[in-house]
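In what follows, a single structure is set out as structure tokens and then discussed.
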Amino acid sequence: MNDRFSDRVLGWFDVHGRKDLPWQQDISAYRVWVSEIMLQQTQVTTVIPFFERFVARLPTVQALAAADEDTVLHYWTGLGYYARARNLHRSAREIVTNHGGQLPMTLDGLLALPGIGRSTAGAIIAIAGDQRGVILDGNVKRVLARHFAVEGWLGERTVADALWQLADQTTPHQRVADYTQAIMDLGATVCMRQPQCGDCPVQQTCLACRTQTTAQYPGRKPRKEKPVKTTRMLIIENPEGEVLLLQRPPTGLWGGLWSFPECDDQNAFIADHGLTMVEEIALRPFRHSFTHYHLDITPMQVRVDTPNASTVAEASARWVLPQSPPPIGFTRPVTRIFEALYSNSLL
Ligand code: SF4
């Protein structure tokens, strides 16, 4: 079964697989690593421009390690899941300090680095190291769960164990780099949410397809309503048209990114920071959804008559001109409000 499954997947890849993605050119462990981290929760088409900008500005492990966190987060702004960027940065520094600037090309060595899990490590080993590495990303899980009719939600330990075992059994010993790309491509372009079974090289042995039960696989996560939290964000504008941003603590939600001050009482915040309010405008609330909860945001535009911007002198505070923002990392609500304020769509 193993050879036949992987042979058919490889035969399909030779004809239909993607071979012109940016990280498939000038292959290096660094480029594969960056692409795999970006692809963890984001689709290929979204990742491509981010990847190209990121490696153009930070082309090596050494360049990434030497960059400051604001620069790294700036090049990640818009991709979301910013812990990925912070872990990438920490790992680069560890690689330079402890591994002579070379990614350790063993499963244990890679797993010891922040942000690299078993599947990402397998992909790096297979694609950049051309050694046998096993992957099980979201696309591969979907293919295997359907082909072998693995029941249950993928987040359950027993289901994950069964899929890892199948991933190991189906991974060949030859052409492992191509196979790794091939099985990911198969999931991304054929075995999608609405599978195109007529175009699939493993259709004849696929249990879900044969029993017309593809919609049942992978099993769904038991439903749970996301809680809703609320916050008020202050868009404090000084007479020069600059707005006040505060840097979030280095860990936790939006760690290290720059965002608007949040508080219940804008009058107290304004007074505490030596500012004088001349006007406040309530903007339309909007929702930002995280994996585990929704955040309902009420933006308040507050104009202050305080020309001396140094009245807010904390190191983690800065005044920013929204029309020409500096190259630092912003939270999604900041980019959204910057865009909206100048097209007035929130007003
Ligand atoms: S036959 Fe259909 S369901 Fe089965 S692996 Fe191929 S695309 Fe997915």
Study note, to complete from the structure: Across segment 162-191, the tally of residues that are closer than 22 Å to His16 by Cα, without any contact (Cβ under 8 Å) to a residue 40 or more places away in the chain and loosely packed, with under 15 Cβ neighbours inside 10 Å stands at 1
Point to revise | Tally of residues being surrounded by fewer than 22 Cβ atoms within 10 Å (Cβ to Cβ), more than 16 Å from the ligand (Cβ to nearest atom) and touching a residue at least 40 places away in the same chain (Cβ under 8 Å) across segment 131-161 | key: 6
Review point. From the list Leu295, Leu275, Leu253, Leu245, which one is part of a loop (DSSP other than H, G, I, E, B) and either closer than 18 Å to Gly78 by Cα or at pLDDT below 85 (or both)?
Key: Leu253
Review point. Pick from segment 199-230 the residues that are closer than 30 Å to Asp296 by Cα and free of Cβ contacts under 8 Å to residues at least 60 places away in the same chain: which of them is farthest from the ligand (Cβ to nearest atom)?
Key: Glu225
Review point. What number of residues within segment 46-98 satisfy the criterion of being of a type in the set (S, T, N, Q), more than 24 Å from Gly109 (Cα to Cα) and within 16 Å of the chain's Cα centre (by Cα)?
Key: 2
Practice item. Working only within segment 174-198, note down all residues that are farther than 24 Å from Ile127 by Cβ, more than 7 Å from the ligand (Cβ to nearest atom) and not polar (S, T, N, Q). Key: Arg193, Gly198
Check your understanding: Could we say that Ala92 is in a helix (DSSP H, G or I), surrounded by 14 or more Cβ atoms within 10 Å (Cβ to Cβ) and free of Cβ contacts under 8 Å to residues at least 60 places away in the same chain here?
Key -> yes
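The values are calculated or read from the model by the stated rules, or taken from the named source; none is laboratory data. Everything numeric in this text was worked out from a predicted model, so none of it was measured. We place every Cβ from the backbone using ideal geometry, glycine too, and count neighbours over all the protein chains shown.
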